[in-house]
1. If you scan the range A:35-89, which residues turn out to be away from DNA strand D (no atom under 12 Å from the Cβ), within 17 Å of A:VAL25 (Cβ to Cβ) and of a type in the set (Phe, Trp, Tyr)?
2. Name every residue in the range A:69-92 that is in a loop (DSSP other than H, G, I, E, B), farther than 13 Å from A:SER32 by Cα and acidic (Asp, Glu), in order of residue number.
3. Go through B:GLU127, B:GLU105 for me and flag whichever is closer than 20 Å to A:GLY135 by Cβ and away from DNA strand D (no atom under 16 Å from the Cβ).
4. Could you list, ordered by first residue, the pairs with Cβ atoms under 6 Å in which the first is in the range A:127-150 and touching a residue at least 60 places away in the same chain (Cβ under 8 Å) and the second is assigned to a strand (DSSP E or B), at least 6 apart or interchain?
5. Only one of (1) more than 30 Å from A:GLU105 (Cα to Cα); (2) touching a strand residue (DSSP E or B) at 6+ places or on another chain (Cβ under 7 Å); (3) of a type in the set (Gly, Ala, Ser) is not met by A:SER35, so which one is it?
6. Pick from the range A:18-32 the residues that are in a loop (DSSP other than H, G, I, E, B) and not aliphatic (A, V, I, L, M): which of them is farthest from DNA strand C (Cβ to nearest atom)?
7. Is there a residue in the range A:127-150 that is more than 9 Å from chain B (Cβ to nearest Cβ) and part of a loop (DSSP other than H, G, I, E, B)?
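Derivation of every value follows stated rules applied to the coordinates shown; laboratory data play no part. Just so it is clear, the model here is predicted, and its values are computed rather than measured. Cβ sites come from the backbone with ideal geometry, for glycine too, and all protein chains shown count toward neighbours.
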Number of protein chains: 2
Amino acid sequence: MPNLPKKFNDCLREKGLRLTTQRAVIARLALSRASHFTADDLLLWAREKDKGISRATVYRTLSLLTDLELLEGLDFGDGRLCYEPAEGRNHHDHLVCRQCGSITEFHCEAIEELQCEVADKLDFKVEHHSLKIYGICKDCSRRTEDDERR
Amino acid sequence: MPNLPKKFNDCLREKGLRLTTQRAVIARLALSRASHFTADDLLLWAREKDKGISRATVYRTLSLLTDLELLEGLDFGDGRLCYEPAEGRNHHDHLVCRQCGSITEFHCEAIEELQCEVADKLDFKVEHHSLKIYGICKDCSRRTEDDERR
DNA sequence: GTGATTGCAAAAAGTTTGCAAACTC
DNA sequence: GAGTTTGCAAACTTTTTGCAATCAC
């Protein structure tokens, strides 16, 4: 089990907040994920470690971690928020498959640069951005071709 | 008051659907907007024309218009969907001001092309995409500078 | 007249909040 | 001990749905 990032501890102390066992469990799980997850996922994982953890505490901790910029919120438009660790990862965008719901990350430096250029031209100060490409993923289109061949 | 697009009428007939007064009121209002709006905005406008229109009918008509691709749904991540007319407009992306909430449209052909290239490389069939740049708009940063000058 | 559509109210689904009890520092 | 945090349940927000009454064709 990875340690809690020093920053989490520091931020808590700095703001006079307390490191409770629930916060530790939830933060450790959330910050060690390799990819995005929902509040509900996190609640289930947390309850494996500690039966009593409540949904409210998960939501409160998620919002704390997002405020500290240790997590990033992602909205894939399915009516609930996803989260992923923000530290130690490069920015990336997402391909969302409309058929199987899978989400693939990608990164394109040229797109990032163009975005900044465009925003600059409009005197808009960029803080962050979100690019999602919706369509059909490799596996699903292969599956569809197979079906049609029959 | 603009006429209903012929396509709306045709699609209704084709699918055996009926042109009710409520649908006409709602569709006319929705399709004549220059920019994005919420279901609740539309309900208020519709009720100015016809007191009795229900929220459910607004939602049902929005979903009908979206299916017919006369409206496009936009998710700015504030927990509710926005819509804007999809016909007769070019695709565009959005700058979202974190301070005043204003939304500015822009279009960059080079970014569009790069998106297709990236997706192609990953064997992903693009259907549509959504690019949102979050930050501070021209007016808000000017306002902040003025405040600091005092 | 027949079957689509409406309005209403209730249901969903995800998230937030008030409060008393429990816990951290 | 003081003050934060928790769990619970209820509240909230946006959107969807079941159903009987109504309306378009």
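1. A:PHE37, A:TRP45, A:TYR83
2. Selection gives A:GLU69, A:ASP78.
3. Values: B:GLU105 fails: closer than 20 Å to A:GLY135 by Cβ.
Just one listed residue meets the conditions, B:GLU127.
4. Nothing qualifies.
5. (1)
6. Among those residues, the one meeting the criterion is A:SER32.
7. Yes, because at least one residue in the range A:127-150 is more than 9 Å from chain B (Cβ to nearest Cβ) and part of a loop (DSSP other than H, G, I, E, B).
Listed here are the residues, each with its yes/no results for (1) over 18 Å from the mean Cα position of the chain (by Cα); (2) closer than 30 Å to B:ILE133 by Cα; (3) surrounded by 12 or more Cβ atoms within 10 Å (Cβ to Cβ).
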| position | (1), (2), (3) |
| --- | --- |
| B:GLY16 | yes, no, no |
| B:LEU31 | no, yes, yes |
| B:ILE53 | yes, no, yes |
| B:GLU87 | no, yes, yes |
